[in-house]
Amino acid sequence: MSTEVAIVGIGMHEFGRTEGVSGMEQGVIAVRRACADAGVKWEDVQFAFGGSAAAGAADTMVSQLGLTGLQFINVANGCATGGSALFSAYNTIRSGVFDLGIAIGFDKHERGAFRVDTRGAGLGNWYGASGLALTTQFFGMKINRYMHEYGISHSTLGKVSEKAFRNGSMNPMAWRRKPISEQEALDSLMLSYPLTQYMFCSPGEGGVALILARADKAHLYTDKPIFLNAAVVRSRRFGSFEVLAPSIALEHNAGPTVDSSKAAFEMAGIGPEDIDLAQLQDTEAGAEVMHMAENGFCEHGEQEFMIQAGETEIGGKFPVNTDGGCLANGEPIGASGLRQVYENVLQLRGQAGARQVPNDPKVAYTHVYGAPGISGVTILSR
Amino acid sequence: MAQVPVTEGVFTWPSETPQLIGSRCVACGNHMFPVQAGCPKCTGEKTEQVLLGRRGTLWTWTVQGFPPKAPPYAGDVDPKTFKAFGVGYVELPGQIKVEARLTEADPEKLKIGMEMELVIVPLSTDASGNEVVTFAFAPVA
């Protein structure tokens, strides 16, 4: 039987734009805050997995944190970088190699839509030259097709943004903290039909660190351990519809989100009905809608009623993206997936302040999705 | 002004009736675009070049409403003169869904399921003064 794993400390550097502080420094600050939260010293940390997409090699942080000789492995896995660091840390403890370690993600991106390195993404130069190398186009096309098939309305997309910005206004770590209305979201600049400016998240900055320990030693660090019941990463299978794809197969496959979700539920031995709240990848408003169904929380098309009825609000039946999600926090790629876990730890500890989900939530879910068709899921419980 | 293709080997050029150049898996018949050597469906290692159909139906679409970053984009990125352009996937019967620019950018005129045909469109002017062209799909009138 493998060793169980608990999250015993969490740290975060504010998301958004922090002039004069590098992405790496934001990661260092997150690590220090996580160590303080767990009451451990950096020299107690036995191993680290960390990564960023655009802010440097994580293992060079040790020159600021202290040269303790720990095992430090860099992770680079696109939008699943944070999730992959967590997956690796989780399994390192489960395997019994180490007792206490840290997963770190941080980033700092230039303004505007992500500039795609077509060659690095395995695509010809003609693809970018022709104006096709924009991740935003994929999101517009996926939700446009989905709205056509399942009857999701423009109003529902606006309501997702409205909720995200409202939740963000209650989150001192969030980038966007000014509420906007559904109508303001619908009326903002159309970037990639049917998605407007306020329906898209922006590349941003931030850092998150999570300290993991053997569950049977968690009491040494915290009186509120949060147990990691599943951590899964999956890539795409043939026939799925993914970002930056010059072509897709005629036959349809559900995609990596569905696969990682099923695997995570199997690993945890529970089902979607057992989840009290979820952080779902909301690169844009439509993604949150589609990911509700892809992760098994409803049937395709049911989101229209659920969102219009307010079920995904913090006080609703199934709260989604309680910290404002990517829409309010922005997306520093390396840190984004760990930000979701950070929020769930706060919620399960009962420390989420103004945005605390009522009735003492016990089980929480995270989901990331990104290029070139990768998804990561975690399930946490207290 | 001479016309030059944005790349070789992705669409037939010059051609009165342009076609996209793809691959077909020798083992399972799966179609791929652009050309590639291995099959993602059956893991087969042998593919042959094939010209894809010129007509299909619009599977989904969006409109690129802001100037893409340059590089990699080769077209107009001046916010004052930039014109929004359509992007979509066109389902080529029996073959594959391909991503392309669309000649239509008006959401009122784009409908999932509409009939589309491959055309060659101007993209930019290169340093030598040549007109660079790429492929796009146009609604069939």
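The values are calculated or read from the model by the stated rules, or taken from the named source; none is laboratory data. The structure displayed is predicted, hence computed values, not measured ones. Here Cβ is always computed from backbone atoms with ideal geometry, including for glycine, and neighbour counts include all displayed protein chains. Side chains are part of the model used for accessible areas, which takes the heavy atoms of the whole protein and leaves out ligands, DNA and RNA. Shrake-Rupley method; radii C 1.70, N 1.55, O 1.52, S 1.80 Å.
Observations on the model:
- Extreme residue, positive dipole direction of the stretch A:108-217, given options A:185, A:204, A:137 (C-beta unit charges): A:204
- Distance violations [Cα-Cα > 24 Å] among A:163/B:83; A:142/B:41; A:142/B:111: A:163/B:83
- Taking the C-alpha atoms only, the angle from helix A:285-294 to the longest principal axis of chain A is near 70 degrees.
- The charge dipole of the protein assembly as shown, taken about the Cα centre with unit charges on the Cβ atoms of Lys, Arg (+1) and Asp, Glu (-1), comes to about 500 debye, rounded to the nearest 20.
- Projected onto planes of every orientation and averaged, the convex hull of the alpha-carbon atoms in the stretch B:54-139 covers 6.1 nm².
- Chain A - Cys residues lacking any other Cys C-beta under 4.7 Å: A:35, A:79, A:298
- Positive-end extreme of charge dipole, chain A - chosen from A:307, A:10, A:344 (charges on Cβ): A:10
- Cα gyration tensor category, rounded, prolate or oblate, for the stretch A:288-382 with a/c compared to 1.5: oblate
- Taking Cα centre as origin and charging only the Cβ of basic (Lys, Arg, +1) and acidic (Asp, Glu, -1) residues, the dipole magnitude of the stretch A:311-382 rounds to 220 debye.
- Under 12 Å from the Cα of residue A:224 - aspartates and glutamates, other chains or at least 8 residues apart: A:37
- Sequence ranges A:190-197, A:368-375, ranked by mean other-Cβ count within 10 angstrom, highest first: A:368-375, A:190-197
- All distinct Cα pairs of chain A go into the 1/r average, and the inverse of that average, the Kirkwood radius, is 20.5 Å.
- Student exercise, chain B dipole from Lys, Arg, Asp, Glu Cβ charges, in Debye to nearest 20: 340 debye
- Highest to lowest packing among A:275-285, B:28-38, scored as the average C-beta count within 10 Å: A:275-285, B:28-38
- Compared with the dominant principal axis of the Cα atoms in chain A, helix A:154-169 is inclined by about 30°.
- For the stretch A:192-197, Karplus couplings with θ = phi - 60° (6.51, -1.76, 1.60), whole Hz, Gly/Pro x: 8, 2, x, 9, 9, 3
- Relative to the longest principal axis of the Cα atoms of chain A, helix A:23-38 runs at roughly 60 degrees.
- Accessible surface of the stretch B:54-139 [probe 1.4 Å, protein heavy atoms]: carbon and sulfur percent: 53 percent
- 14 Å beta-carbon shell around residue B:83, net charge (K/R +1, D/E -1): -2
- Counting only DSSP beta bridges whose two residues both lie in chain A, roughly 70 percent are antiparallel.
- Those residues of the stretch A:221-262 for which accessible area with every protein chain present is at least 50 Å² below the isolated value (1.4 Å probe): A:238, A:246, A:247, A:248, A:250
- Protection proxy ranking, highest mean first, for peptides A:304-317, A:153-166: A:153-166, A:304-317, where packing is the per-residue count of other beta-carbon atoms within 10 Å, averaged.
- Computed 3J(HN,Hα) for the stretch A:75-86, one whole-Hz value per residue from the Karplus formula 6.51 cos²θ - 1.76 cosθ + 1.60 where θ = phi - 60°, is 10, 9, 9, x, 5, 9, 4, x, x, 6, 5, 5, glycine and proline marked x.
- In the A-B interface, the accessible area buried, summed over both sides, Å² (probe 1.4 Å): 3300 Å²
- Surface per residue (accessible, 1.4 Å probe) for the stretch B:54-139, Å²: 41 Å²
- Threshold 10 Å² - residues in the stretch A:170-202 whose accessible area is reduced by that much or more when the chain is no longer isolated, probe 1.4 Å: A:190, A:191, A:192, A:193
- Chain B - percent relative contact order, Cα under 8 Å, separation 6 or more: 23 percent
- Accessible surface, per residue, of chain A when the full set of protein chains is kept, probe 1.4 Å, Å²: 35 Å²
- Unit charges at the beta carbon, dipole of the protein assembly as shown: most positive-side option, B:39, B:52, A:146: B:39
- Averaged over peptide B:93-102, the number of partner chain Cβ atoms lying within 10 Å of each residue's Cβ comes to 4.
- Average projection area in nm² (convex hull over Cα atoms of the stretch A:129-220, one quarter of hull surface): 10.1 nm²
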